[in-house]
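Take a look at the structure set out below.
The values are calculated or read from the model by the stated rules, or taken from the named source; none is laboratory data. These figures come from a predicted structure and were not determined experimentally. All Cβ positions, glycine included, derive from the backbone under ideal geometry; neighbour counts span all protein chains shown. These accessible areas exclude ligands, DNA and RNA; they are computed on the full protein's heavy atoms, side chains included. Shrake-Rupley method; radii C 1.70, N 1.55, O 1.52, S 1.80 Å.
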Amino acid sequence: MIASICKRSAAAGLDRLGRSLGFLWGGWAGLAAVFLLAAVWQAGHEAYGAFVLPRPEETLRAAWAILQRPDYRAIVALSLLRALEGFAMASILGVLLGLASGYSPASLRLARPLLTLMLGVPPIAWIVLAMIWFGIGQGTILATIVIAVAPVLFVGAVEGVAQRDRGLDILCQAFGAGPFRRFWASACPQAMQQIFPALALGLGVAVKVAVMAELLTHTVGIGRLLATARANLDITEALAWVLIAVAGLILLEYGVLHPLRAEAERWRDASRAWGVRR
């Protein structure tokens with residue numbers, strides 16, 4: 001009994017290790033895109049000069065110098081945690097409402113005008129309204145992230161449920177599966193194909209909105225220090241803060257979101273032919 005449990009645990013661990021190594025190997029394409037961006041950046045520097053666009057290595061040195069300061073590292077962590085907190089709240093709200101509306105066409109028809117309204121209003125307008133409603137502080141930033149991100153996740157969840165293969169539901173029902181079991185075994189894995197891209201988009205929106213809200217409300221964070229660099233006309237430091245924000249977004253997406261997606265979509269490996277990879 002114990003040997004069987006240990007064997008299954010070892011097999012599961014090797015399976016996860018293989019997926020992790022495959023995921024890291026797939027990162028070479030992203031690294032090539034980074035090098036291409038650096039080359040275009042260098043060309044822009046040579047064309048317009050250091051005042052408009054400093055060299056990439058200068059910006060990297062400035063970003064490294066910023067991260068060497070413990071107080072600045074704490075500020076970066078605060079901004080990223082704030083964005084992640086708002087993203088988590090928006091994910092729970094948007095995905096749950098989207099899954100429920102996907103099963104209820106009447107609710108979806110009722111929600112569409114509100115969805116159009118929320119997606120049509122720019123985030124900066126929501127920030128101004130949130131400053132009036134909640135004052136200047138944490139509440140404004142979190143409320144703006146939730147309002148900006150939740151509709152995106154709502155749409156992803158609705159599309160995932162609406163585009164599911166209903167034949168699989170009938171098949172599960174024929175084998176005696178109840179409503180919850182049918183949802184968990186059939187509808188949920190299919191919906192995840194639409195939900196995870198929406199989550200990746202929503203995470204990027206959350207980080208951008210968090211930095212924008214910090215800049216406008218002068219709340220402690222990356223946005224506030226970015227505003228200081230702008231006031232000092234220090235383009236190198238401003239780009240360094242932008243680079244740090246983008247690096248934080250990449251860390252959250254590839255360190256948290258993509259591993260969760262790989263774990264949730266293990267069934268994809270069984271559906272691929274040998275040698276066929278994304």
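At a glance:
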quantity	calculated
Where a residue in the stretch 120-134 is closer than 14 Å to Val146 by Cα and of a type in the set (Val, Ile, Thr) and its partner, wherever it lies, is open to solvent by 60 Å² or more (accessible area, probe 1.4 Å) and part of a helix (DSSP H, G or I), with Cβ under 7 Å and at least six apart	Ile124/Met212; Ile127/Met212; Ile127/Leu216
Breaking point among (1) open to solvent by 60 Å² or more (accessible area, probe 1.4 Å); (2) in contact (Cβ under 8 Å) with a residue 24 or more places away in the chain, for Ala90	(1)
Of residues in the stretch 135-154 being without any contact (Cβ under 8 Å) to a residue 60 or more places away in the chain, surrounded by 13 or more Cβ atoms within 10 Å (Cβ to Cβ) and not β-branched (Val, Ile, Thr), the one nearest to Ala198 (Cα to Cα)	Pro151
In the stretch 251-278, the residues that are modelled with pLDDT of 85 or more and either exposed (fewer than 14 other Cβ atoms within 10 Å of the Cβ) or in contact with a Phe, Trp or Tyr (Cβ under 8 Å, 6 or more places away or on another chain) (or both)	Leu251
Any hit, the stretch 196-215, residues being farther than 24 Å from Glu253 by Cβ and either at pLDDT 85 or above or in a helix (DSSP H, G or I) (or both)	no
Selection from the stretch 47-87 of residues that are open to solvent by 30 Å² or more (accessible area, probe 1.4 Å), assigned to a loop (DSSP other than H, G, I, E, B) and either touching a helix residue (DSSP H, G or I) at 6+ places or on another chain (Cβ under 9 Å) or of a type in the set (D, E, K, R) (or both)	Ala50, Phe51, Val52, Leu53, Arg55, Arg69
Residues that are open to solvent by 80 Å² or more (accessible area, probe 1.4 Å) and not in a helix (DSSP H, G or I), drawn from the stretch 93-121	Tyr103
